Amino acid sequence: MTSSTTQRTVDAIWRMESAKLIAGVTRMVRDVGLAEDLAQDALVIALERWPETGIPDNPGAWLMTTAKRRAIDLMRRSKVRDQKYVEVARNQELYTEDDIDAVLDGEIGDDLLRLIFMTCHPVLSQEARVALTLRLLCGLTTDEIARSFLVAESTIAQRIVRAKKTLSAEKVPFEVPAGAELQDRLTAVLEVIYLMFNEGYSATSGDQWFRPLLCQEALRLGRVLAEISPQEPEVHGLVALMEIQSSRFQARVNAKGEPVLLLDQNRARWDQLLIRRGLAALERSRKLGRPLGAYSLQAAISACHAQAPTAAETNWIKIAALYEALSRVTPSPIVELNKAVAISMAFGPAFGLQIVDELNAEPSLKGYHLLPSVRGDLLVKLGRYEEARIEFERAASMTRNEQERILLLKRASECASERSN
């Protein structure tokens, strides 16, 4: 295996394992910033050794063992080593190589939930919580996060550094809180899990269109939260949304690994068990008797797609109404863009295009590639192929995801062909 191939493989492994790695080391050192540094040390060691020794059979376990050894070495040099030795002795079974696989499969999951509650502590601002989550749990770079927020990379870097220092200075516990404290942090935790799932469902960058393992981890954490907080309708709403969206994974790519858009997907490949689970979770949310919140409304929109036997039978009028309700609960330009798509499907592309054109002046969507992508799609339906081609090419220049870029350029090429015919 060449050095460049190893680099790409290690990068992919890091994307999959970094959150578990940081969570596991945080359990030891109780400092999320230090845990990230130790995890990065393990990554550097892997990059040095794996080109010579080859990729281990269980690279995640190798990285975890290496990071924990670094942590123990650090403890030995620490001024507070006696206190830390007590903690190591108390949890010694976590750090033995023989048990590392069991740790990865079992308690690490709980560690991820503890890490989420830790990074969602009210000592941090909402912006800091979101940035730290995308960094630690989704494995995004500061540049990728900055592009998502449409702010300078230095701003995001400073925000993350300050957040880690604050957690350390305030000695925020690495635990899942109980009672009123859990309820106080629940909204932030739900947003974090939602962000995790969204990053998995539509990867910001890289060679893969989506990251199913990240989605599966977010869904698992959501199910755990539903057990902890069974009377919270939005917990069930988020679980419902993730269950139904996850049902489409097998149909979202073709045999070549290329993206397949929702309306072109083979619905026979949708996972009916996950759909049933999602619909049941949505019903639990409704039965709690409170108005549907943002996650439950999005789940209801996904349910409309899941319950339509074919794309042509989709109830777009209902979906447009649900987006209208969602825009009142959580008004945002992205919700308006999605509503424009629903309105175009229900009442015609000209109506949708009118909304999209109004959104062109929205500053927060200036670098959002889906705005020109949606506009291009509506222009195609109106037979305005040259304008559509320009929009698809503009969208392709904005996205950092290689599969999405290829898809957009393909659509631009199709527009060029239609225009010449």
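Observations
- D57 closer than 28 Å to L113 by Cβ, loosely packed, with under 14 Cβ neighbours inside 10 Å and not hydroxyl-bearing (S, T, Y): yes
- Tally, over the stretch 234-282, of residues that are surrounded by fewer than 22 Cβ atoms within 10 Å (Cβ to Cβ) and not in a helix (DSSP H, G or I): 14
- Answer from V176, V192 - the residue that is under 30 Å from S302 (Cβ atoms) and assigned to a helix (DSSP H, G or I): V192
- Of all residues in the stretch 218-232, those satisfying the criterion of being surrounded by fewer than 22 Cβ atoms within 10 Å (Cβ to Cβ) and not basic (K, R) are V224, A226, E227, I228, S229, P230, Q231, E232.
- Filtered residues of the stretch 351-366 (kept if of a type outside the set (K, R) and not in a helix (DSSP H, G or I)): N360, A361, E362
- Among the residues making up the stretch 199-233, those that are in contact with a strand residue (DSSP E or B) (Cβ under 9 Å, 6 or more places away or on another chain), closer than 20 Å to E17 by Cβ and part of a loop (DSSP other than H, G, I, E, B) are A203, T204, D207, Q208, F210.
Here, each number is a calculation from the coordinates, and none is a lab measurement. Keep in mind that this is a model prediction, so the values were computed, not measured. When we count neighbours, we look across all protein chains shown, and the Cβ atoms used for this are built from the backbone with ideal geometry, even at glycine.
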